[in-house]
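**Student:** Below you will find the structure I want to go over with you.
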Amino acid sequence: MNRLQLTPIYGDDEITHILGVQFFTEANVDLSLLHGYLRKEPIRPATRFIADDSFYLPISVGHGGNVCHEFCSMFQLSDEVLSHKILSRLAPRDISSVGLACKRLYQLTKSEDLWKMVCQNAWAGESTPALEIVPGARRVGWRRLARELTTLEAVAWRKLTVGGAVEPSRCNFSACAVGNRVVLFGGEGINMQPMNDTFVLDLNSSEPEWRHVNVSSPPPGRWGHTLSCLNGSWLVVFGGCGRQGLLNDVFILDLDAKHPAWREISGLAPPLPRSWHSSCTLDGTKLVVSGGCADSGVLLSDTCLLDLTLEKPVWREVSVAWTPPSRLGHTISVYDGRKILMFGGLAKSGPLRLRSSDAFTLDLSEKEPCWRYVTGSGMPGSGNPAGIGPPPRLDHVAVSLPGGRILIFGGSVAGLHSASKLYLLDPTEEKPTWRILNVPGRPPRFAWGHSTCVVGGTRAIVLGGQTGEEWMLSDLCELSLASSAV
């Protein structure tokens with residue numbers, strides 16, 4: 001007898017999906033090869049599986065000694081081949097479904113080694129090394145980590161108080177994560193003083209505290225720049241506004257060197273000097289710079305790449321037939337390997353400059369990359385009818401999650417809209433839709449003027465925030481993406 005169980009799944013007080021599970025007391029499993037591989041065997045019987053407690057071992061069914069045996073090729077493979085060659089290529093959600101098929105697959109999907117491979121294949125090479133160094137990751141296990149980072153069931157805000165101090169006080173600095181360390185560089189001090197010092201916060205420490213790093217040959221002081229991480233421990237600074245105006249120089253620093261020192265990279269054909277641009281890294285080797293503000297307040301719309309592994313790096317502007325409106329204060333985030341999502345900013349709209357809620361994607365793996373409009377409110381015929389999109393904003397933060405999803409938080413938001421809400425977008429979906437992520441805990445009190453970086457793949461650290469009089473760096477906020485045990 002067969003039995004079908006239907007379970008409704010609710011979202012926003014309405015049924016969004018129906019989960020159906022069919023139970024069999026007896027089933028013929030047909031996982032054979034293609035038609036050309038079918039052949040008759042006079043002796044070997046067909047294979048049938050009985051749903052009892054015997055681990056789904058095959059039993060023989062004969063028909064007069066001569067049967068047509070359709071090879072159940074998948075189940076003739078060893079556990080190692082099934083795990084390494086087939087199951088490891090599936091998404092985390094699909095692995096959970098496969099485990100419901102039979103007892104053998106259920107036992108295979110309990111393997112921590114399999115879940116680690118699943119995470120490595122699904123989340124690319126940069127996420128899993130970061131997760132491996134998270135304190136307690138082995139104790140929690142890859143299976144639980146995959147579930148929590150996929151469903152975001154454990155996400156929560158919490159306050160993070162650290163020692164030390166970043167002095168002098170500053171704003172408009174830039175920060176990024178290097179493993180479980182947060183690195184802060186530069187910023188705007190009192191009387192618009194451009195800063196060029198470097199601070200490190202080691203979150204692996206039992207009592208984390210800000211520590212000033214003595215480095216030689218620091219870059220000129222600046223604010224409105226970007227700081228990115230390359231190749232595990234390399235920091236790269238680009239652009240910003242200094243004493244002499246806007247900059248387009250590039251400096252790198254190996255944070256793990258015995259004697260850390262900033263070194264300027266003289267890239268050929270550099271882009272225009274700028275500030276309030278956005279940047280990200282590709283493959284751990286390439287710096288991507290987008291938009292910003294040039295001299296005389298001109299907004300930019302270009303996208304430029306610099307491969308820092310070359311002996312003589314050369315800047316290359318991505319050639320596209322059409323670009324999104326020029327803008328500053330936006331974000332660009334990498335997802336799905338070599339794809340980029342651009343969101344928000346102060347964008348040019350005819351003779352005006354308006355806050356934007358538009359999202360665009362660019363696939364740099366294509367032979368002829370092109371910008372694609374995803375969702376928003378500023379383009380003709382635009383909108384987000386299938387979800388609740390974030391209000392237009394600039395100077396927000398974007399957090400890249402495993403699996404290609406992007407979280408948007410904070411920023412300068414017009415009107416009475418709250419900037420403390422979290423919005424989630426999965427650009428890998430056929431029709432990407434914004435969703436509001438309701439998170440327990442207390443978010444940052446001031447939802448603009450932040451810098452954010454993801455530490456260890458599971459913690460988004462929010463630094464800074466305007467109190468009206470000064471910028472606070474001793475009281476940080478952490479958006480925990482996995483349970484506190486991690």
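**Student:** Could you pull out the residue among Ala447, Ala460 that is surrounded by 18 or more Cβ atoms within 10 Å (Cβ to Cβ), in a loop (DSSP other than H, G, I, E, B) and either on the phi < 0 side of the Ramachandran plot or at pLDDT below 90 (or both)?
**Tutor:** None of the other options fit; the residue is Ala447.
**Student:** Something else: Does Leu149 satisfy the condition of being at pLDDT below 90, surrounded by 15 or more Cβ atoms within 10 Å (Cβ to Cβ), aliphatic (A, V, I, L, M) and outside any strand (DSSP E or B)?
**Tutor:** Yes.
Condition check ((1) crowded, with 16+ Cβ neighbours inside 10 Å; (2) touching an Asp or Glu at 6+ places or on another chain (Cβ under 6 Å); (3) under 30 Å from Leu346 (Cβ atoms); (4) not small (Gly, Ala, Ser)) across all residues:
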site	(1), (2), (3), (4)
Gly240	yes, no, yes, no
Arg263	no, no, no, yes
Pro270	yes, no, yes, yes
Val288	yes, no, yes, yes
Ser301	yes, no, yes, no
Cys304	yes, yes, yes, yes
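**Student:** Follow-up question, since we're still on this one. Whether any residue in the range 216-224 is in contact with a strand residue (DSSP E or B) (Cβ under 7 Å, 6 or more places away or on another chain), in a strand (DSSP E or B) and closer than 21 Å to Arg459 by Cβ is what I want to check.
**Tutor:** Looking for residues that are in contact with a strand residue (DSSP E or B) (Cβ under 7 Å, 6 or more places away or on another chain), in a strand (DSSP E or B) and closer than 21 Å to Arg459 by Cβ, one finds none in the range 216-224, hence no.
**Student:** To continue, here is another question. Does the range 76-83 contain any residue that is within 13 Å of Trp115 (Cβ to Cβ) and either at pLDDT 50 or above or not small (Gly, Ala, Ser) (or both)?
**Tutor:** Yes: the range 76-83 contains one or more residues that are within 13 Å of Trp115 (Cβ to Cβ) and either at pLDDT 50 or above or not small (Gly, Ala, Ser) (or both).
**Student:** Among the residues of the range 161-198, how many are small (Gly, Ala, Ser), touching a residue at least 40 places away in the same chain (Cβ under 8 Å) and touching a Gly at 6+ places or on another chain (Cβ under 9 Å)?
**Tutor:** 6
**Student:** Being among the charged types (D, E, K, R) and assigned to a strand (DSSP E or B) is the filter here; which residues of the range 241-273 pass it?
**Tutor:** Across the range 241-273, the qualifying residues are Asp249, Asp254, Arg263, Glu264.
**Student:** Shifting gears a bit: Suppose the filter is exposed (fewer than 14 other Cβ atoms within 10 Å of the Cβ), at pLDDT below 85 and farther than 18 Å from Glu429 by Cβ; does Gly381 pass it?
**Tutor:** yes
**Student:** Would you check if there is a residue in the range 126-139 being at pLDDT 85 or above and buried (at least 20 other Cβ atoms within 10 Å of the Cβ)?
**Tutor:** The answer is no; no qualifying residue exists.
**Student:** Output the residue which, of all residues in the range 399-427 that are at pLDDT below 90, part of a loop (DSSP other than H, G, I, E, B) and touching a strand residue (DSSP E or B) at 6+ places or on another chain (Cβ under 7 Å), is nearest to Ser480 (Cα to Cα).
**Tutor:** Applying the filter and picking the extreme gives Leu401.
**Student:** Now a separate question. Provide a single number: the residues in the range 360-377 that are part of a loop (DSSP other than H, G, I, E, B) and not aliphatic (A, V, I, L, M).
**Tutor:** Here the count works out to 8.
**Student:** Do we find a residue being of a type in the set (Gly, Ala, Ser), over 24 Å from Trp234 (Cα atoms) and at pLDDT 90 or above anywhere in the range 157-180?
**Tutor:** So far as the range 157-180 goes, yes, one or more of its residues are of a type in the set (Gly, Ala, Ser), over 24 Å from Trp234 (Cα atoms) and at pLDDT 90 or above.
**Student:** Here is a further query. Name the residue that is surrounded by the most Cβ atoms within 10 Å (Cβ to Cβ), counting only residues in the range 250-261 that are under 27 Å from the mean Cα position of the chain (by Cα) and over 14 Å from Asp307 (Cα atoms).
**Tutor:** Only one residue tops the list, namely Leu253.
**Student:** Check Lys431 against each of (1) out of contact with any Lys or Arg (no Cβ under 7 Å at 6 or more places or on another chain); (2) outside any loop (DSSP other than H, G, I, E, B); (3) at pLDDT 85 or above and name the one condition it does not meet.
**Tutor:** Looking at each condition in turn, Lys431 falls short on (2).
**Student:** Scan the range 299-317 residue by residue and report those that are in contact with a Cys (Cβ under 9 Å, 6 or more places away or on another chain) and of a type outside the set (Asp, Glu).
**Tutor:** Across the range 299-317, the qualifying residues are Leu299, Leu300, Trp315, Arg316.
**Student:** State whether one or more residues within the range 178-191 are surrounded by fewer than 19 Cβ atoms within 10 Å (Cβ to Cβ) and farther than 28 Å from Leu160 by Cα.
**Tutor:** So far as the range 178-191 goes, yes, one or more of its residues are surrounded by fewer than 19 Cβ atoms within 10 Å (Cβ to Cβ) and farther than 28 Å from Leu160 by Cα.
The values are calculated or read from the model by the stated rules, or taken from the named source; none is laboratory data. These figures come from a predicted structure and were not determined experimentally. Heads up, the Cβs are rebuilt from the backbone with ideal geometry, glycines too, and the neighbour counts pull from every protein chain shown.
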